[in-house]
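None of the figures in this text is laboratory data; all of them are computed from the coordinates on show. All values reported here derive from a predicted model rather than from experimental measurement. Using ideal geometry, Cβ is built from the backbone for each residue, glycine included, and neighbour counts are taken over all protein chains shown.
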Amino acid sequence: MKKKLYSIFLALLLGGIMAFITIKKFSFASKTYTVSIYQLGVYKNYDNALSKALNAKGAIIVSKDDTYQVIGAIASSTSSKNKLENLLKEEELNYYEKMITLDEESKKTIDEYELLINKTDDLEVLKKLNEQLLLNISERMN
């Protein structure tokens, strides 16, 4: 009788451990990633946000909580952050670095652009890459 009880207990224990490992390995929750955005301003009025976005070529406007945020750059790696910060300073734009979470697809898009951003030091090329990145990511941020 004891041997049978030990066998049942062992089977339940092993089954529980294997179920735990399987659930951990195949998480069904979607992953989110933290990235830095460089916010150029927050406005209650869309026209003011648009005016700021037009002055900062390539900036996007994100609507959030009855406000309009003007975003001048977005980055996830330290090296691309440094380059984009230098770009914003060169353009004489004041910014506030803020952390946000994005989905996996948005993170992949950022990573693809950062490969190019990290390989160049030309400010004109950085501007174009930043503009294209913001354009591609803007739909997912609203």
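Work out how much length Leu5 to Gln132 would gain on full extension: take 0.36 nm times their residue separation and subtract the Cα-Cα distance, in nm to one decimal.
39.2 nm
Taking springs between alpha-carbon atoms closer than 10 angstrom, which of Gln132, Gln69, Gln39 fluctuates most in the Gaussian network model of the chain?
Gln132
Select from Lys25, Lys128, Lys108 the residue whose mean-square fluctuation is largest in a Gaussian network model of the chain (Cα-Cα springs shorter than 10 Å).
Highest fluctuation among the options: Lys25.
Could you give each residue of the stretch 9-15 its phi-based ³J(HN,Hα) in whole Hz, using Karplus coefficients 6.51, -1.76, 1.60 with θ = phi - 60°, and x for Gly or Pro?
Per residue, the Karplus-derived 3J(HN,Hα) values read 4, 5, 5, 5, 5, 5, x Hz.
Which residue, Ile74, Ile37, Ile21, has the most motion in a Gaussian network model of the chain that connects Cα atoms within less than 10 Å?
Residue with maximal mean-square fluctuation among Ile74, Ile37, Ile21: Ile21.
Sorted by packing (mean other beta-carbon atoms within 10 Å per residue), highest first, where do 10-17, 88-95 land?
Going from most to least packed, we get 88-95, 10-17.
Apply the Karplus parameterisation 6.51 cos²θ - 1.76 cosθ + 1.60, with θ equal to phi minus 60°, to every residue of the stretch 70-83 and state each ³J(HN,Hα) to the nearest whole Hz, in sequence, with x for glycine and proline.
My calculation for the stretch 70-83 gives 9, 10, x, 6, 8, 7, 10, 9, 4, 5, 6, 4, 4, 5 Hz in order.
Measure up Lys24/Lys119; Lys31/Lys98; Lys64/Lys108; Lys52/Lys81; Lys24/Lys107; Lys25/Lys119 against 29 Å on the Cα-Cα distance and list the ones that go over.
The pairs that break the limit, which is 29 Å between Cα atoms, are Lys24/Lys119; Lys25/Lys119.
Treat each spin label as a single point 7 Å out from the Cα along the C-beta direction, and report the Asn55 to Tyr96 distance in nm.
My value for the distance between the label points is 1.6 nm.
Can you give the calculated 222 nm mean residue ellipticity of the chain, where each DSSP H run of n ≥ 4 adds -39,500 (n - 2.57) and the sum is split over every residue, rounded to the nearest 500 deg cm²/dmol?
-18500 deg cm²/dmol, from helical runs alone.
Any idea what the dipole of the chain comes to, in debye rounded to 20, about its Cα centre with Lys/Arg Cβ at +1 and Asp/Glu Cβ at -1?
The calculated dipole for the chain is roughly 1300 debye.
Can you compute 3J(HN,Hα) from phi for each residue in the stretch 37-50, using the Karplus curve 6.51 cos²θ - 1.76 cosθ + 1.60 with θ = phi - 60°, rounded to whole Hz and x for Gly and Pro?
Values, residue by residue: 10, 10, 8, 8, x, 10, 10, 7, 9, 5, 4, 5, 5, 5 Hz.
For q = 0.21 Å⁻¹, what log10 I(q)/I(0) does the stretch 32-141 give under the Debye formula with an equal point scatterer on each alpha carbon and no solvent?
Each listed q corresponds, in turn, to -1.14.
Any idea which of Phe20, Asn130, Gln69 is furthest toward the positive side of the dipole for the chain, if Lys and Arg beta-carbons carry +1 and Asp and Glu beta-carbons -1?
Phe20
Relative contact order for the chain: what percent, with Cα pairs under 8 Å and sequence separation of 6 or more?
Here the relative contact order equals 28 percent.
Mind checking the dipole of the stretch 1-76: about its Cα centre, +1 per Lys or Arg Cβ, -1 per Asp or Glu Cβ, Debye to the nearest 20?
Computed charge dipole of the stretch 1-76: roughly 760 debye.
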